[in-house]
Amino acid sequence: MIEQIRLRELLREPQYRAWFAKVPTITVMHHSPPWRLYVQKVEGGRWARADIRGYPEAYTAVKSRLSECHDMTIHCRPQAFRPPAVELSGKRSYLPCPDGHEWCVYCRRPTVFGYFSSHPAMPHKTVADYELRCGICAARFAGMKRYKPKFSWEALRAASSAS
Ligand SMILES: [Zn+2]
């Protein structure tokens, strides 16, 4: 099992951080609060969640708890998001994911996908264990659009920590 990169580590990447700080536009119809804040207080622990109407509110909650909680995400329930465009040495690409990670279009970040026979995000449901799912939100990998990056996450990080 690959250890999932934490949100605080993802936010050390300046281009991801800038995108994460911007209020996303939701264009699809929704009636319930669109944002779901997932918080994992301790490594390997349960993911708590809270549904939030406004992105700024979710963002503020993340900011204030980033250092005390193991991992977090601001998940969008009704709408899929493609990865942000990032640049490295003049080359533009979709944000690459660290090794063993995939972009979850609903969690809006790279996550580790896996096979589950029960999933913490779907506590009272039977889960088909042959389907690859996001480890945080349980969304099916098969239903997601793929985005091919032009360089690796490691290359991007090496460049931004050098500058
Ligand atoms: Zn997800």
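A short reminder: the numbers here are calculations on the coordinates, not readings from a lab. None of these values were measured; they are calculated from a predicted model. So basically every Cβ, Gly included, is an ideal-geometry build from the backbone, and we count neighbours across all protein chains shown.
I'd like the orientation of helix 153-162 relative to the chain: the angle between its Cα long axis and the longest Cα principal axis, in ° from 0 to 90, rounded to 10.
Relative to the chain, helix 153-162 is tipped by roughly 50 degrees.
With springs only between Cα atoms under 10 Å, which of P123, P33, P78 fluctuates most in a Gaussian network model of the chain?
Looking only at P123, P33, P78, the biggest GNM fluctuation is shown by P123.
Is region 1-65 rounded, prolate or oblate when judged by the Cα gyration tensor, a ≥ b ≥ c being the square roots of its eigenvalues, rounded requiring a/c under 1.5 and prolate requiring a/b larger than b/c?
oblate
Calculate how steeply helix 55-65 sits against the longest principal axis of the alpha-carbon atoms of the chain, using the helix alpha-carbon long axis, and give the answer as 0 to 90 degrees to the nearest 10.
80
Identify all lysines with a Cα-Cα distance to K41 below 28 Å; exclude those on the same chain that are fewer than 8 residues away in sequence.
Within reach: K22, K63, K125.
Counting only helical runs of four or more DSSP H residues, what would the 222 nm mean residue ellipticity of the chain come to if each run contributes -39,500 (n - 2.57) and the total is spread over all its residues?
-5500 deg cm²/dmol
Would you mind giving the average projected area, over all directions, of the Cα convex hull of the chain in nm² with one decimal?
9.9
Can you give the longest run of the chain that contains no GluC sites (Glu not before Pro) sitting in a DSSP loop with at most 14 other Cβ atoms inside 10 Å?
69-130
Over what distance in Å are the Cα centres of region 79-145 and region 1-63 separated?
13
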